[in-house]
1. Would you mind getting me the FRET efficiency between Ala106 and Ala157? Use the beta-carbon distance for r and R0 = 35 Å, nearest 0.05.
2. Using a probe of 1.4 angstrom, how much of the accessible area of the stretch 1-77 is carbon and sulfur, in percent?
3. Summing +1 for each Lys or Arg and -1 for each Asp or Glu, what net charge is found among the other residues whose Cβ lies under 12 Å from the Cβ of Arg17?
4. With r defined as the distance between the Cβ atoms of Arg26 and Tyr164 and R0 fixed at 45 Å, what FRET efficiency is calculated, to the nearest 0.05?
5. In whole percent, how big is the carbon plus sulfur part of the accessible area of the stretch 138-183, probe 1.4 Å, protein atoms only?
6. Obtain the nm distance between the two label points defined at Thr34 and Val50 by a simple spin-label model: each point lies 7 Å from its Cα along the Cα-to-C-beta direction.
7. What are the ³J(HN,Hα) values, in whole Hz, obtained from phi via the Karplus relation 6.51 cos²θ - 1.76 cosθ + 1.60 with θ = phi - 60°, for each residue of the stretch 67-75 in sequence order, with x given for Gly and Pro?
Amino acid sequence: MRVALIDNFEVSVAGLRSLLGPFGGRVALLDLGTAMTKPSSVDVILYEPVRQTPTSQGMLRDLVRASQKSAVVYSWRDRDGDSVGSFAAHLSKALPASDLVSAIEALADGGDVSPMRRMPSDHGPLNVIKKTRQRDYELTPREAEILSLVTQGLTNAEIGAQLYLSINSVKTYIRAAYRKIEVTRRAQAVAWGMEHGLAPLAESDVTGG
């Protein structure tokens, strides 16, 4: 299967290429120039709607029209209504590589990938918390993810940039998480995160090595 990605974040393009590397026998990421000049070579079109420009919008329209393929949103955003109205599907960038490859193959075959639309419910930080918990804090996956980033020392602005959330959204998630874990200050949240396995990445690497 040959995939074209229209994404204004160069790191996302490089990341997807690296992610798909081990699955080269099943899926390949086309150079965008090749996809635009040879649209018949494209099996699946992935598209990041965040920070789209008139140029990227035009490229998407042209590639969809020329290849006769539907565009699939591939984004960190997992909420309904994020400029996905007419697209065939919505895949999360949080999907593991094997799941993403399976989804791409299903899309190329006209299959349903709706179960893969949102981020896994037991992914990452929430799963870590559940393994170390003494009680159920009823955190959502997003709240747990943000607590993990707080524990790692990121500012609200850095968290927003990493997760493509507004500062107000980050603050709302933080307030909800603080209420659930019964803390009121960032230092307390960091201590809570350390206690529940959300150690900064550098520290985790040291202990894990």
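The values are calculated or read from the model by the stated rules, or taken from the named source; none is laboratory data. Here the structure is a predicted model, which means the values were calculated and not measured. Please note: Cβ atoms are built from the backbone with ideal geometry, for glycine as well, and neighbour counts cover all protein chains shown. Ligands, DNA and RNA are stripped out before the accessible areas are found, and what is left, the full protein with its side chains, is counted by its heavy atoms. Shrake-Rupley method; radii C 1.70, N 1.55, O 1.52, S 1.80 Å.
1. Working: r = 37 Å, r/R0 = 1.06.
E(calc), rounded to 0.05, equals 0.40.
2. Values: 2070 of 3930 Å².
Percent of accessible area from carbon and sulfur atoms in the stretch 1-77: 53.
3. Details: positive: none; negative: Asp7, Glu10, Asp31.
Within the 12 Å Cβ shell, the charges total -3.
4. Working: r = 28 Å, r/R0 = 0.63.
The calculated FRET efficiency here is 0.95.
5. Working: 1040 of 2080 Å².
Carbon-and-sulfur percentage of accessible area, whole number: 50.
6. That separation, rounded to one decimal, is 2.7 nm.
7. Residue by residue, the stretch 67-75 yields 8, 6, 10, 7, 7, 10, 5, 10, 8 Hz.
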